[in-house]
1. When the chain is fully extended, how far beyond the present Cα-Cα distance does Asp33 get from Asp125, taking 0.36 nm per residue of separation?
2. Which net charge results when you count Lys and Arg as +1 and Asp and Glu as -1 among the other residues whose beta-carbon is under 12 Å from that of Glu79?
3. Among 67-75, 18-26, what's the highest-first ranking by average C-beta atoms within 10 angstrom per residue?
4. For Phe87 and Lys46 in the same chain, what is the full-extension length gain: residue separation times 0.36 nm, less their Cα-Cα distance, in nm?
5. Give, to the nearest whole percent, the P(r) tail of the range 2-147 beyond 29 angstrom, counting all Cα pairs.
6. Number of Lys pairs in the range 2-147 with C-alpha atoms less than 22 angstrom apart, excluding same-chain neighbours closer than eight positions?
Amino acid sequence: MAAAVSSVVRRVEELGDLAQAHIQQLSEAAGEDDHFLIRASAALEKLKLLCGEEKECSNPSNLLELYTQAILDMTYFEENKLVDEDFPEDSSSQKVKELIRFLSEPEILVKENNMHPKPCDLLGDELLECVLSLFPLYLSQTLSLSSDTLPLPQ
């Protein structure tokens with residue numbers, strides 16, 4: 001059991017480091033401090049501190065909750081940016097795929113480690129709402145891009 005906990009802690013720590021690097025890029029590109037990016041960064045800093053403690057003493061559920069909150073704040077910032085830019089054709093499809101990947105990581109981790117019988121109980125309705133709100137955007141972009149290459153029906 002301790003090995004499984006340690007494995008989860010290591011993976012959450014790795015994901016947190018990747019998210020922190022992404023948030024840093026977003027902050028630099030934005031050129032200003034954003035409330036949601038600041039909150040996400042603070043949650044990831046707290047996560048890093050907790051992961052640095054004795055791995056056997058870390059509660060994977062608490063770590064995953066912190067990571068998930070950081071991801072929700074980060075993706076909220078990016079979703080708003082896409083809306084403000086009116087979903088630019090050249091980059092929005094890739095950006096939506098990236099957001100879905102970030103939002104999927106917590107659930108994948110829960111499933112892989114049998115941490116909780118119902119991932120939505122642990123991850124909450126907010127994560128589900130984010131993924132579901134992005135899905136129509138992703139479909140719209142995908143269909144829009146594919147209609148440019150498909151022949152018109154005769």
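1. Details: separation 92, 0.36 × 92 = 33.12 nm, distance 2.72 nm.
Fully extending the segment from Asp33 to Asp125 adds 30.4 nm.
2. On the way: positive: Lys81, Lys95; negative: Asp73, Glu78, Asp84, Glu85, Glu98, Glu129.
In short, -4.
3. Working: 67-75: 24.0, 18-26: 16.1.
Averaged packing, sorted descending, gives the order 67-75, 18-26.
4. Numbers: separation 41, 0.36 × 41 = 14.76 nm, distance 3.28 nm.
Length difference between fully extended and current span is 11.5 nm.
5. Details: 2023 of 10585 pairs.
Here the tail beyond 29 Å accounts for 19 percent of pairs.
6. Close lysine pairs found across the range 2-147: 5.
Every read-out reported here was derived from the displayed coordinates using simple, explicitly stated rules and does not represent laboratory data. If you're wondering where the values come from, they're calculated on a predicted model, not measured in any experiment. Note that we place each Cβ from the backbone using ideal geometry, even for glycine, and neighbour counts take in every protein chain shown.
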